[in-house]
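Participant: Before anything else, here's the structure in question.
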Amino acid sequence: MRALVTGGAGFIGSALVRQLMAETDWQVMTVDKLTYAGRMENLDGVLGQPRHGFEREDIADRAAMERLFTQFKPDVVFHLAAESHVDRSIDSAGEFITTNIVGTFVLLEVALTHWRSLEGAARDGFRFVHVSTDEVYGSLAPDDMFRETSPYQPNSPYAASKASADLLVRAWVKTHGLPAVITNCSNNYGPRQYPEKLIPLTILNMAEGKPIPIYGDGGQIRDWLHVEDHARALRLIAARGRIGETYCIGGEAESTNMDLVLTLCSAFDALRPDVAWAPHKSLITHVKDRPGHDRRYATDITKLKTELGWAPTWTLADGLASTIGWYLNNRSWCDAIAEGNAARTRRGLA
């Protein structure tokens, strides 16, 4: 099997690439533009292996995508390339429109041409897996959950760009018959996540005794999904998911941002009780909330459980402990972040 993974040098994409490469029957082509969050360090241990190839290309470049599809001839496309940080989308929506919407359109066009060129089992088995977010659904009431049938109500430029991409994929399935599947995941966490996101930002700031920013009152609720569980779900959906369907992927681990940070602080108190800034919750600093900040996300994964037999394997407690250990033991990865401290600079104040 031949898998083309867009955004494969990013956080989620590289986790998927490593899982695919762990199985000997996969050949993998990683495609990544290598913007600030796509990093070659994320592919350590994979680069140079005979079954893996890497191309630094922009998915919005049609000629480049046509060349890659012609040369590599994928059986499966995992489309993860995206601009993904909500705060950045507030400051600079244009990049999100170009990558997330125009880039997805280009991939759909090229994938459709490729699929139409296939015959027999190759044509029947081809899949295009479009990886999206639960943020396309907007904000939830306290007693509700996101489901595959939930209406789209995106509230940030990022969410709107991903919703647009989802609808393009749906249209290519319905109009052209492209064998595609859409996934909408909850908040991911785990190793190699760029430190503009809440969990790695908190871990690194605690390690250095720097303030931990909490947006608003910290009462925003998210469902946390370990990146390895997410990658495992994507592989299963590619193999057995129904064409034209949407699958919600979640970790069944809801927490407010404040409770999550307090959990991390307690873990650091146990690990490093003697640092000058202990207890670590003393580093918490409330800052101005994000404009249009969704109050709650929660994901119903009943469909994924009943149809494909998938369930998360990581508890939030175990996942956070493992993630803390990874960042503390891989400071060279953190130091290699090109933007340095700018990786932890507040954005999106509009």
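Participant: Those residues that are in contact (Cβ under 8 Å) with a residue 40 or more places away in the chain and part of a loop (DSSP other than H, G, I, E, B), I need them from the stretch 39-59; list them, please.
Facilitator: Across the stretch 39-59, the qualifying residues are 39, 58, 59.
Participant: Now, a different point. Can you name the number of the only condition in (1) in contact (Cβ under 8 Å) with a residue 40 or more places away in the chain; (2) surrounded by fewer than 14 Cβ atoms within 10 Å (Cβ to Cβ) that residue 245 fails?
Facilitator: (2)
Participant: Kindly evaluate residue 82 against the criterion of being in a loop (DSSP other than H, G, I, E, B), out of contact with any His (no Cβ under 7 Å at 6 or more places or on another chain) and modelled with pLDDT of 95 or more. Before the answer, list the steps.
Facilitator: Working: in a loop (DSSP other than H, G, I, E, B): yes; out of contact with any His (no Cβ under 7 Å at 6 or more places or on another chain): yes; modelled with pLDDT of 95 or more: yes.
Answer is yes for this residue.
Participant: Checking the condition of a type outside the set (Val, Ile, Thr) and either touching a Pro at 6+ places or on another chain (Cβ under 8 Å) or buried (at least 20 other Cβ atoms within 10 Å of the Cβ) (or both), which residue from 40, 21, 65 passes? Even if it seems obvious, please write down each step before you answer.
Facilitator: Working: 40 fails: either touching a Pro at 6+ places or on another chain (Cβ under 8 Å) or buried (at least 20 other Cβ atoms within 10 Å of the Cβ) (or both); 21 fails: either touching a Pro at 6+ places or on another chain (Cβ under 8 Å) or buried (at least 20 other Cβ atoms within 10 Å of the Cβ) (or both).
That would be 65, the only listed residue that is of a type outside the set (Val, Ile, Thr) and either touching a Pro at 6+ places or on another chain (Cβ under 8 Å) or buried (at least 20 other Cβ atoms within 10 Å of the Cβ) (or both).
Participant: In the stretch 273-301, which residue that is in contact (Cβ under 8 Å) with a residue 60 or more places away in the chain and farther than 20 Å from residue 221 by Cα is surrounded by the fewest Cβ atoms within 10 Å (Cβ to Cβ)?
Facilitator: Within the stretch 273-301, the subset in contact (Cβ under 8 Å) with a residue 60 or more places away in the chain is 275-277, 280, 283-300.
Keeping just the survivors that are farther than 20 Å from residue 221 by Cα gives 275-277, 280, 283.
Working: 275: 15, 276: 5, 277: 14, 280: 25, 283: 20.
By that ranking, first place goes to 276.
Participant: When only residues in the stretch 88-135 that are in a loop (DSSP other than H, G, I, E, B) and out of contact with any helix residue (DSSP H, G or I) (no Cβ under 8 Å at 6 or more places or on another chain) count, which is farthest from residue 239 (Cα to Cα)?
Facilitator: Of the residues in the stretch 88-135, the ones in a loop (DSSP other than H, G, I, E, B) are 92, 118-119, 126.
Next, from what is left, pick out any that are out of contact with any helix residue (DSSP H, G or I) (no Cβ under 8 Å at 6 or more places or on another chain): 92, 118-119.
Working: 92: 36, 118: 18, 119: 19 Å.
Once the filter is applied, the top-ranked residue is 92.
Participant: When residues of the stretch 83-125 are filtered for being on the phi > 0 side of the Ramachandran plot and within 20 Å of the chain's Cα centre (by Cα), how many remain? Full working, then the answer.
Facilitator: The first filter runs over the stretch 83-125 and keeps only residues on the phi > 0 side of the Ramachandran plot, leaving 120.
Narrowing further to those that are within 20 Å of the chain's Cα centre (by Cα): none.
Residues in the stretch 83-125 being on the phi > 0 side of the Ramachandran plot and within 20 Å of the chain's Cα centre (by Cα): 0 in total.
Participant: Turning to a different aspect of this structure: So which of 17, 31 ends up being touching a residue at least 24 places away in the same chain (Cβ under 8 Å) and closer than 18 Å to residue 114 by Cα?
Facilitator: Details: 17 fails: closer than 18 Å to residue 114 by Cα.
Exactly one of 17, 31 is touching a residue at least 24 places away in the same chain (Cβ under 8 Å) and closer than 18 Å to residue 114 by Cα, namely 31.
Participant: Still on this structure, I have one more. Does residue 69 satisfy the criteria of being touching a residue at least 12 places away in the same chain (Cβ under 8 Å), farther than 25 Å from residue 248 by Cα and not in a strand (DSSP E or B)?
Facilitator: Taking the combined requirement at face value, the residue satisfies it.
Participant: Next up: Can you tell me which of (1) farther than 27 Å from residue 313 by Cβ; (2) hydroxyl-bearing (Ser, Thr, Tyr); (3) crowded, with 24+ Cβ neighbours inside 10 Å is the one residue 189 doesn't meet?
Facilitator: The one condition residue 189 does not meet is (1).
The values are calculated or read from the model by the stated rules, or taken from the named source; none is laboratory data. None of the values given here were measured: they were computed from a predicted structure. For neighbour counting, all protein chains shown are included, and Cβ atoms are generated from backbone atoms with ideal geometry for every residue, glycine included.
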